[in-house]
Amino acid sequence: MFKVRDMGVPSFFLGIKTVPLSGGMLLSRQRYMKDILKRAGMVDYKLVVTSVSTAKTADDVATPYADPTQYRSLASALQYLTVAHPDLSYAVNLLCQHMHAPTTTD
């Protein structure tokens with residue numbers, strides 16, 4: 001036997017905000033996504049729909065990324081999002097392929 005404590009209605013857990021509705025509960029990761037953008041310094045960027053290119057051009061210079069630990073942390077955070085957003089899986093997979101030695105191009 002063990003004691004269980006009722007801590008009330010959850011509000012924010014594992015990056016998921018819960019919003020009670022009349023028929024249940026809405027789960028939102030908007031705050032988690034905004035936190036990722038803040039960590040990456042991309043809060044003021046504008047949304048643009050683009051396709052992901054895997055082609056490398058001759059102009060691509062392999063300059064090492066300044067902070068590989070930050071790159072890995074952001075890639076991991078994005079990987080957690082792919083559980084609920086499979087549409088991000090391909091782009092996040094491309095990022096994760098370069099975690100051992102990220103460059104500014106990646």
Which residues, counting only those in the range 61-83, are surrounded by 13 or more Cβ atoms within 10 Å (Cβ to Cβ) and aliphatic (A, V, I, L, M)? 74, 75, 77, 78, 81
Residue 90 - would you say it is exposed (fewer than 10 other Cβ atoms within 10 Å of the Cβ), farther than 19 Å from residue 103 by Cβ and more than 11 Å from the chain's Cα centre (by Cα)? no
Within the range 1-55, how many residues turn out to be at pLDDT below 85 and closer than 16 Å to residue 88 by Cα? 8
Under 8 Å between Cβ atoms, which residue pairs at least 6 apart in sequence (or on different chains) link something in the range 28-55 that is more than 14 Å from residue 80 (Cβ to Cβ) with a partner that is of a type in the set (Ser, Thr, Tyr)? 28/18; 37/45; 52/90
If you scan the range 1-46, which residues turn out to be assigned to a loop (DSSP other than H, G, I, E, B), more than 15 Å from the chain's Cα centre (by Cα) and under 26 Å from residue 76 (Cβ atoms)? 10, 11, 44, 45, 46
So which residues in the range 56-66 are assigned to a loop (DSSP other than H, G, I, E, B) and at pLDDT 70 or above? 62, 63, 65, 66
Would the range 27-36 turn up any residue that is surrounded by 13 or more Cβ atoms within 10 Å (Cβ to Cβ) and touching a Pro at 6+ places or on another chain (Cβ under 9 Å)? no
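The values are calculated or read from the model by the stated rules, or taken from the named source; none is laboratory data. Just so we're clear, the structure is a prediction, and the values are computed from it rather than from any experiment. For neighbour counting, all protein chains shown are included, and Cβ atoms are generated from backbone atoms with ideal geometry for every residue, glycine included.
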